[in-house]
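S.K.: To start, I am sharing the structure in question, which I have written as C-alpha cells.
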Amino acid sequence: MLAEKQAPQQPPELAVSRSSDGALLLRLSGAWQLHAEIPPTADVHRALESSPPPQRISFDTQQLTAWDSALLTFLSKISEICSAKKITIDRAGLPSGVQRLLALAEAVPERAGARQKTEKLSWLARVGTGFLNLREPVEEMLAFVGDLAIVFGRLLRGRARFRRSDLMLLIQQTGAEALGIITLISFLVGLILAFVGAVQLQQFGAAIYVADLVGIAMVREMGAMMTGIVMAGRTGAAFAAQLGSMKVNQETDALVTMGISPLEFLVLPRVIALCLMMPLLCLYSDLLGILGGMAVGVSMLKLPLLIYYNQTTQAVGIPDLVGGVFKASVYGVLIAISGCLRGMQCGNSSSAVGEAATSAVVTGIVFIITACGIFSVVFYVLGI
Amino acid sequence: MSSGSETAGNVPQTDGQAESAAPTDAKAHITVRDLTMAFGSFVLMHDLNFTIQHGDVFIIMGGSGCGKSTLLRHLIGLIEPAKGEIWYGTENFTRADPARRQRMLQRFGVLYQSGALWSSMTLAENIGLPLGEYTDLKPVEIREVASLKLALVGLKGFEDFYPSQISGGMQKRAGLARAMALDPEVLFFDEPSAGLDPISSKLLDDLILELRDSLGSTIVVVTHELASIFAIGSNSMFLDVETRTMSALGPPKELVHSDNANVRRFLTRGEENGAAGRPHG
C-alpha cells in the first residue's frame, strides 16, 4: 500500500511503553502486512488494565516500513477497547493514509439492527419449531397439486394455453433423448439380476429359472423403478433448474403480467410430456433388462436362445406388464410434480436454482420409493 | 385527485374491509390509496397515496433498497398489498376477481430490469406470444407485427435470434418491443437504464417519450438515474427509506427545490449542502 514490497521484510513488532506524562506509547516497527504474523492486542490490553490507567494512547511509527489492512484491523481493535474505557487516542503519530482510512471506517456508525442476531433455542424448542415448520411445505405441495388439477380440468375442456411446439420439444427431451442412459442402466440391471440368480439357481441345476427371475423382476418392479430414478435425476432436476432460472430471470413474472398462468404455460406441458413418455421408456427398459439377462443366460449359462425366450414369455404375463407400466406412469407424474414444484418455489438467486434442482431429485426419488413400497403391498393384497 | 375517505361504494365486498369509492377525476389513470407494502411483519413502506394522470411519465425514485421495484410489483399485481388499494381508471385492481384482473393485465406492458425475455423462444416468438393469446391474428400477421415492433426498437432483422445470442442492451430493447406488443395503455419500466451505456440509455429515454407521445400511453418508470429523471419525468414521487413512506410528490424539476432535505440531496447527488459527503479525517 505505502512502501514498496521488498523481500526480506522485517517482521512486525510492537513495543509498549509508558511515557512520563502517563500516556501509553505504542511503537510499531517492521512491515505490518496481512501475510505476516501480527502481534496480539493482548499486550496493549494488559497495559491499559494496569494502574494508574493511562489517559491517552499515542503512536510512534518511525520504524514502520510497510502497512496494509492488517494494521488497520489492529488499530480499530485498539480503538474499540479505548472507546469502551474512555481513553483518548492520539492518531497524530500514524501515517496520514492510516488516519484517513480509520476516519472513513468510523464515519458511518453501525446501523442499529444491522447485525443479525441468532437466538439460541433449547433443543425442545427447536424440535417444536421444526415440526411446526413441516406444515408449510406440505400445504404448498397440496396447493400446487390442487392448482395443477384445475389446470388439467381446463386441458380436458380444451382451454389450457401452452405452445404445442414446447410440448413436442419436451417430449423429445424427456423421451428420445433419455434412451441412451435408459439403455445402459436397464441392460446392466438385467445383467446383474441374472448373475445374482445364476449363482444360486445353478446349485440346484435350475439355471433356466434365471429367465423367470430376470423377466418378472424387470417387468414388475425394476423397469419402472430404474426408469423412474434415472428420470428423476435427469428430467426432474432439469425441470426444476429450468423453471427456477426462469423465475430468477423474471421470465415467470413476465408471463404472469401477460395474463398467462405459468402453471398452464410451463408446468402443464412438462407434466404431460413426462406422463406420456414414462410408460414408453418403462417398456423399453423392460425389454433391455430382459436382453441383459439373456446375454448372461446364453453366454455364461449356455442356455439356448429359444429356450430362454420361451421361458421368459411363459413367466411374464400381461398383468405383470400392465402393472409395471402403470407404476411407471405414476412415477412420471410424481417426478414431474416434484421437479416443477421445486422449480416454482425457487428463490431469487442462482444458488437457489441449484438447491431447487437438488431438492427436486431428492423429493422425486423419495416419492418413487414410497410409491413403490405402497404398490408392493397393494399388489400383494390384491393378488396381482 | 379524489381522497380515499369518501363514502364506501356499493360494490359487493369480498372481505370485511370497506372499499373506497372509485376515483372521480377523469384524468386519473392510476390511483393508489393508503398502500402499505410489507413482507410478513416487516413494513417496507406505508401510507402511499398518489395519482398518475393519463399521459404522464411518472418516476418512482428513491435510494437503493427503498422498495421502488417492490412498489412496481404491487402496481402490476405480482405482490398483493398488505393494505390499501390500487385503481386503474375507475376499476379497482386490488379487488378485481381473477378473470377481470387478467383483462386489466392485458392493457399493461412491463419492461423488466433484465429484459426477462423467454429464453426458449426467438425474439419474434417472444413478441408473438401475447399477440397469439389475445388477438385473432394469423401466424403470418403476428410475425409481421413482431417485425414491426422490433423495427421500432431498432432491432430490425433480429426476428430469429434467441435472447442469449444478443447483447444486454439489445435484450432490453427486445423486452420493450414485447412490452409494446399489445399497444398497452400503461407501460412500466423497471430500471430501464441499469446496465446500459450513457448513449443507449439516452436512446431508450427518447424511445420512452416517443411512445408516450405517439401511443398516448401512461408511463411509469422506476429509476435512480438522475439524467433520465430530469429528461423524461413529468411527475415523480420519492420513497424515503428513513421514514418508510413517500416524502415528495411532484415534477422532478420542482422537487429540486423541495422542503425535504433527503429529496433535495437525492436530486443533487448530495452536492447541494455537502451533507451526504463522507467526512475525511
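Here, each number is a calculation from the coordinates, and none is a lab measurement. All figures in this text were calculated on a predicted structure; none of them were measured in a lab. Neighbour counts run over all protein chains shown; Cβ positions are idealised from the backbone, glycine included.
S.K.: Of the DSSP beta bridges with both residues in chain B, give the percent that are antiparallel, rounding to the nearest 5.
M.R.: Rounded to the nearest five, the antiparallel share is 55 percent.
S.K.: If you rank A:TYR284, B:TYR112 by fewest surrounding Cβ atoms within 10 Å, what's the result?
M.R.: A:TYR284, B:TYR112
S.K.: D for the range B:164-281, whole µm²/s, Stokes-Einstein with Kirkwood Rh over alpha-carbon pairs at 25 °C and 0.890 mPa s: what number?
M.R.: Diffusion coefficient, whole number: 154 µm²/s.
S.K.: Suppose each label sits 7 Å from its Cα in the direction of the beta carbon; what would the B:SER167-B:ALA22 distance come out to in nanometres?
M.R.: That separation, rounded to one decimal, is 4.8 nm.
S.K.: Something else: Return a whole-number percent for the relative contact order of the range A:13-106, with Cα pairs under 8 Å and 6 or more residues apart as the contact set.
M.R.: Taking the mean separation of contacting Cα pairs over the length of the range A:13-106, I get 30 percent.
S.K.: With runs of 4+ DSSP H residues as the only contributors, calculate the mean residue ellipticity of the protein assembly as shown at 222 nm using -39,500 (n - 2.57) per run, divided by the residue total and rounded to the nearest 500.
M.R.: Computed mean residue ellipticity for the protein assembly as shown: -16000 deg cm²/dmol.
S.K.: Measure off 7 Å from each Cα along the Cα-to-Cβ vector at A:LEU156 and A:LYS86, then give the distance between these two points in nanometres to one decimal.
M.R.: Simple spin-label model gives 8.0 nm for this pair.
S.K.: Name the residue farthest towards the positive end of the dipole of the range A:138-382 from the options A:LEU169, A:ILE374, A:ALA315, assuming +1 on Cβ of Lys and Arg, -1 on Cβ of Asp and Glu, about the Cα centre.
M.R.: Of the listed residues, the answer is A:LEU169.
S.K.: Placing +1 on the Cβ of each Lys and Arg and -1 on the Cβ of each Asp and Glu in the range A:153-234, which of A:MET218, A:LEU179, A:VAL189 has its Cα farthest towards the positive end of the resulting dipole?
M.R.: A:LEU179
S.K.: Once the Cα atoms of helix A:123-133 and of chain A are each reduced to a long axis, what angle between those two axes, in degrees from 0 to 90 to the nearest 10, is obtained?
M.R.: It is inclined by approximately 50 degrees.
S.K.: Report the Cα centroid-to-centroid distance between the range A:253-330 and the range B:200-274 in angstrom, as an integer.
M.R.: 60
S.K.: Calculate one ³J(HN,Hα) per residue across the range A:38-47 by plugging θ = phi - 60° into the Karplus curve 6.51 cos²θ - 1.76 cosθ + 1.60, and present them in order as whole Hz with x for glycine and proline.
M.R.: The phi angles translate into 7, x, x, 7, 4, 4, 4, 4, 5, 4 Hz.
S.K.: Using Cα positions and a limit of under 18 Å, work out the lysines in reach of A:LYS247, with same-chain residues fewer than 8 apart set aside.
M.R.: Answer for A:LYS247, where 18 Å is the Cα cut-off: B:LYS172, listed by chain and number.
S.K.: For the range A:303-384, what size does the Cα cloud have along each of its three principal axes, sorted from largest down, in whole Å?
M.R.: 59, 33, 15
S.K.: Taking N as the number of residues in the range A:13-106, what value does Rg over Cα atoms divided by 2.2 N^0.38 Å take?
M.R.: Compactness ratio reported: 1.01.
S.K.: Distance from the Cα centre of the range B:45-105 to that of the range A:238-252, in angstrom?
M.R.: 25
S.K.: Quick one: dipole size for chain A, taken about the Cα centre, charges +1 on Lys/Arg Cβ and -1 on Asp/Glu Cβ, in debye to the nearest 20.
M.R.: Dipole magnitude for chain A comes out near 520 debye.
S.K.: I need the calculated FRET efficiency for the pair A:THR358 and B:GLU271, taking r as the beta carbon distance and R₀ as 35 Å, to the nearest 0.05.
M.R.: 0.10
S.K.: Residue by residue through the range B:198-215, what is 3J(HN,Hα) from phi via Karplus (6.51 cos²θ - 1.76 cosθ + 1.60, θ = phi - 60°)? Round to whole Hz and write x for glycine and proline.
M.R.: Taking θ as phi minus 60°, the curve returns x, 6, 4, 5, 5, 4, 5, 4, 4, 4, 4, 5, 4, 5, 4, 5, 7, 8 Hz for the range B:198-215.
S.K.: Next question. For chain B, what is the convex hull (Cα atoms) projected area averaged across all directions, in square nanometres?
M.R.: Approximately 17.5 nm², given one-decimal rounding.
S.K.: So how long is each side of the range B:37-95 along the principal axes, counting just the alpha-carbon atoms, biggest first, in Å?
M.R.: 33, 27, 19
S.K.: Cα-based Rg of the range A:138-382 per 2.2 N^0.38 Å, rounded to two decimals?
M.R.: Here the answer is 1.15, to two decimals.
S.K.: Something else: Find how much the distance from A:ILE192 to A:GLN173 grows on full extension, using 0.36 nm per residue of separation minus their present alpha carbon separation; answer in nm with one decimal.
M.R.: Computed gain between A:ILE192 and A:GLN173 is 4.0 nm.
S.K.: Which one of B:THR223, B:THR135, B:THR70 has the biggest mean-square fluctuation once chain B is modelled by GNM with Cα springs under 10 Å?
M.R.: B:THR135
S.K.: OK, next. Compute the Kirkwood hydrodynamic radius of the range A:126-211, taking the inverse of the mean of 1/r over all pairs of distinct Cα atoms, and give it in Å to one decimal.
M.R.: 18.5
S.K.: Which three extents, in angstrom, do the Cα atoms of the protein assembly as shown have along their principal axes, listed largest first?
M.R.: That works out to 106, 74, 54 Å along the principal axes.
S.K.: Let me ask something else. In the range A:309-332, which residues have a backbone nitrogen under 19 Å from the label point lying 7 Å from A:ALA206's Cα in the Cα-to-Cβ direction?
M.R.: It comes to A:309-317, nothing else.
S.K.: Report relative contact order for chain B in percent, whole number only (criteria: Cα-Cα under 8 Å, sequence separation at least 6).
M.R.: 21
S.K.: Evaluate the charge dipole of the protein assembly as shown about its Cα centre and quote only its size in Debye, nearest 20, assuming +1 on the Cβ of each Lys and Arg and -1 on the Cβ of each Asp and Glu.
M.R.: With Lys and Arg at +1 and Asp and Glu at -1, about 920 debye.
S.K.: Another question about this same structure. Do any chymotrypsin sites (Phe, Trp or Tyr not before Pro) in the range A:142-231 lie in a loop, going by DSSP, with at most 11 other beta-carbon atoms within 10 Å of their beta carbon, and if so which?
M.R.: Of the chymotrypsin sites (Phe, Trp or Tyr not before Pro), the ones in loops of the range A:142-231 whose Cβ has at most 11 other Cβ atoms within 10 Å are A:PHE204.
S.K.: Next question, about the same structure. Along the charge dipole of the protein assembly as shown, pointing to its positive end and built from +1/-1 on Cβ of Lys, Arg, Asp and Glu, which listed residue (B:LEU78, B:MET61, B:SER20) has its Cα farthest out?
M.R.: B:LEU78
S.K.: Same structure again: Taking springs between alpha-carbon atoms closer than 10 angstrom, which of B:VAL220, B:VAL43, B:VAL140 fluctuates most in the Gaussian network model of chain B?
M.R.: B:VAL140
S.K.: Quick one: what are the phi-derived ³J(HN,Hα) couplings along the range A:59-68, Karplus 6.51/-1.76/1.60 with θ = phi - 60°, whole Hz, x for glycine and proline?
M.R.: Rounded to whole hertz, the list is 10, 10, 10, 4, 8, 6, 9, 7, 8, 8.
S.K.: For the residues A:SER285, B:SER217, what sequence is obtained by ranking on other C-beta atoms within 10 Å, fewest first?
M.R.: Placing the least packed residue first, the sequence is B:SER217, A:SER285.
S.K.: Based only on the alpha carbon positions, what is the Kirkwood hydrodynamic radius of the range A:186-327, in angstrom?
M.R.: It works out to 17.1 Å.
S.K.: Here's a follow-up. If you find the alpha carbon centre of the range A:52-117 and of the range B:129-188, how far apart are they in angstrom?
M.R.: 58
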